[in-house]
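Okay, structure first, notes after.
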Protein chains: 2
Amino acid sequence: MPLPNRWITALMTRYNGSSLLIDCGEGTQVALKKSGWSFKPVDIICITHFHADHIAGLPGFLLTMGNAERTEDVLIVGPKGLEKVVSSLRIIAPELPFKINFRELSQDFETIEACGYVIDAFRVQHKVTCYGYNVRIGRKGKFDAEAARSLRIPLMYWNRLQNGETVTDGDNIFTPDMVMGPPRKGIKVTYCTDSRPVKVIADNAAGADLFICEGMYGEEGKEAKAREYGHMTMYEAAELGKKAQPKEMWLTHYSPSLVRPDEYLGRVREVFDRVKIPRDGWFKTIDFTD
Amino acid sequence: MPLPNRWITALMTRYNGSSLLIDCGEGTQVALKKSGWSFKPVDIICITHFHADHIAGLPGFLLTMGNAERTEDVLIVGPKGLEKVVSSLRIIAPELPFKINFRELSQDFETIEACGYVIDAFRVQHKVTCYGYNVRIGRKGKFDAEAARSLRIPLMYWNRLQNGETVTDGDNIFTPDMVMGPPRKGIKVTYCTDSRPVKVIADNAAGADLFICEGMYGEEGKEAKAREYGHMTMYEAAELGKKAQPKEMWLTHYSPSLVRPDEYLGRVREVFDRVKIPRDGWFKTIDFTD
């Protein structure tokens, strides 16, 4: 539940002028406002599942996007039943200046490409149908100037080839693969809440630049409660991190009973030492490597 | 819209162990949490109208009441269509450990008695059907001990008569009116947002102990905007106060553009000098007079 000074768990990514939001609980719009980021470029909203703390803020968020003069379509991704749930919530937000497109997930694993993002949705294990998401940014290979020169490709075509175009020059046809190296390592952020610590999460988070995962409980003796409600402890989350070996791991979705989550950092790092225990408003800039 | 450090307008009254909430926008549950008051004794929720900023927080609020182990029925009061709107929002809060009773308003003026409160709902003038509310606490007359003595009513019956019971003692029948003076002045709090400054508001707020009224704009030149959107300026609100003569008047529902609403206090007080410009979390204890 939302608390004074602790907003409900959500993630926003920003890339190339396009923002993507995962989950939208009560007050997520206030958290975003506080960050100083804009509502207008939110092109994609991914919902993990239909519990109130992950979607109750959606009607207000959409209205505020409307107030920000958004007119372009918005894509909402989520489990089967998404359109029905969103339409039902929109009884108090029936008029929006933009169209909503829905992508309802029904498979255990689905990949969606939109607005420069590659999004993997992978089904996790909660009390209701729930998905984790990879948000990936692909990166083209390096342009091989030497190859272009040796193929005598005129300089004026280089840029078009770099952008993936095929160029015809008289009898010559130049294709991008002639001058572009293999795709380079892109960026991957993995986000998962709420779930038991199932293997699929570690598989999807493998090698991520940032792995954000619920760590609902830190106190001793909460394992049974975590199991009962389909959640995981910080230590269970850290075990996933240990398997996945992301560059960095953030825990989130702390129980309201967890007043000082960073108290448990030491013990959690005994399991996986790249774990951090973020507070509200944390952000991180991830650059392409090399 | 909810802002960092400014919650959406709502009012909670507490009397005799029973809490009453008017309006429940996104984050109202956080504002309540911050106040330190409890969710469990919320017996009545009055909704002014179905715009998101007055009702979007309801599903989360009801869930939190459920988490607080509320099991007694809750009465929700609001304009016609209330049950449909609440049911639609409850798609993400379908299971609650208490029953909800609905009272849908259809008249221009209706009075509801519940949990020691007398609630007047009066229709105001907004872009959609909207009600203002008086929350009144009645007060019985004084017990006239002298009359009781002269009528030779045994002391053992005094308390029952005071509580409104009729007592039979052999051939004697004692009724409360024999010993109780006329009802004394009770307490009245009037709450009105969102509306144009129509006469019915001043009529209902007449002589209130506290009159809470929207004062959406304070800046020059906002009259046309207020008219267009069915709101009122601080000065229009103050004119209502001048007519109604409450003991104290609070403005609320400030526009997000109004960063420092108290800047306008001086000018507003030129219209009605008992106006205050509250900030988040203001509360006031109102005692019976004499």
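Residue pairs exceeding 27 angstrom between C-alpha atoms, taken from B:K199/B:K247; A:K80/B:K127; B:K84/B:K243: A:K80/B:K127; B:K84/B:K243. Whole-Hz Karplus values for the stretch A:153-168 come out as 7, x, 3, 5, 9, 4, 4, 5, 5, 4, 8, x, 7, 9, 10, 9 Hz, taken residue by residue from phi with 6.51 cos²θ - 1.76 cosθ + 1.60 and θ = phi - 60°; glycine and proline positions read x.
Whole-Hz Karplus values for the stretch A:173-183 come out as 10, 9, 10, x, 5, 5, 10, 9, x, x, x Hz, taken residue by residue from phi with 6.51 cos²θ - 1.76 cosθ + 1.60 and θ = phi - 60°; glycine and proline positions read x. Of the trypsin sites (Lys or Arg not before Pro) in the stretch A:145-181, the ones in a loop by DSSP (not H, G, I, E or B) with at most 13 other beta carbons within 10 Å are A:R152.
In what order do A:E228, A:E236, A:E219 fall by count of nearby beta-carbon atoms within 10 Å, going from fewest to most? If you can, show how the numbers build up before the last one.
Details: A:E228 9, A:E236 21, A:E219 13.
Going from sparsest to densest Cβ surroundings: A:E228, A:E219, A:E236.
Partner aspartates and glutamates whose Cα lies under 15 Å from the Cα of A:K222, excluding those fewer than 8 positions away in the same chain, are identified as A:E214, A:E236. A DSSP coil position with no more than 14 other Cβ atoms inside 10 Å describes the following GluC sites (Glu not before Pro) in the stretch A:111-211: A:E165. Taking the stretch A:18-75, which GluC sites (Glu not before Pro) meet the DSSP loop condition and have no more than 14 other C-beta atoms within 10 Å? Passing sites in the stretch A:18-75 are A:E69, A:E72. For the stretch B:46-71 versus the stretch A:6-31, the inter-centroid distance based on Cα atoms is 23 Å. Amide H contacts for A:I212 (H built 1.01 Å from N in the peptide plane; partners 5 or more residues away or on another chain; cut-off under 5 Å): A:T190, A:Y191, A:C192, A:W250. How high is the relative contact order of the stretch B:149-290, in percent, with contacts defined as C-alpha pairs under 8 Å that are six or more residues apart? RCO, the stretch B:149-290: 21 percent.
Taking the C-alpha atoms only, the angle from helix A:58-67 to the longest principal axis of chain A is near 50 degrees.
Suppose we keep just the DSSP beta bridges with both residues in the stretch A:117-215; what percent of those would be antiparallel, to 5?
Numbers: 16 of 20 bridges.
Antiparallel bridges make up about 80 percent of those DSSP assigns within the stretch A:117-215.
Annotation: amide H of B:I45 within the under-5 Å range of B:L21, B:L75, B:I76, B:V77, sequence separation 5 or more or interchain, hydrogens built in the peptide plane.
The mean sequence distance of close C-alpha pairs (under 8 Å, at least 6 residues apart), as a share of the length of chain B, puts its relative contact order at 13 percent. With the alpha-carbon atoms of chain A aligned to their principal axes, the span from lowest to highest coordinate is 72, 50, 35 Å, starting with the largest.
Determine the shape class of the stretch B:129-194: with a ≥ b ≥ c the square roots of the Cα gyration tensor eigenvalues, call it rounded for a/c under 1.5, and otherwise prolate if a/b is greater than b/c, oblate otherwise. Numbers along the way, then the final one.
Working: a/c = 5.08, a/b = 3.12, b/c = 1.63.
Verdict is prolate for the stretch B:129-194.
Relative contact order of the stretch A:9-111, taken over Cα pairs closer than 8 Å and 6 or more residues apart, is 25 percent. Is the C-alpha gyration tensor of the stretch A:1-48 telling us rounded, prolate or oblate? Criteria: a/c under 1.5 is rounded; beyond that, a/b larger than b/c is prolate, otherwise oblate. Cα axes put the stretch A:1-48 in the oblate bin. Among A:W282, A:W158, sorting on how many other beta-carbon atoms sit within 10 Å of each Cβ, with the fewest leading, yields A:W282, A:W158. Among the DSSP beta bridges whose two residues both lie in the stretch A:1-109, what percent are antiparallel, rounded to the nearest 5? Antiparallel: roughly 30 percent of the beta bridges in the stretch A:1-109.
Values quoted throughout were computed directly from the atomic coordinates according to the rules given, and no laboratory measurement underlies them. This one's a predicted model, so the numbers in the text were calculated from it and none came from an experiment. FYI the Cβ positions are ideal-geometry reconstructions off the backbone, even for glycines, and counts take in every protein chain you see.
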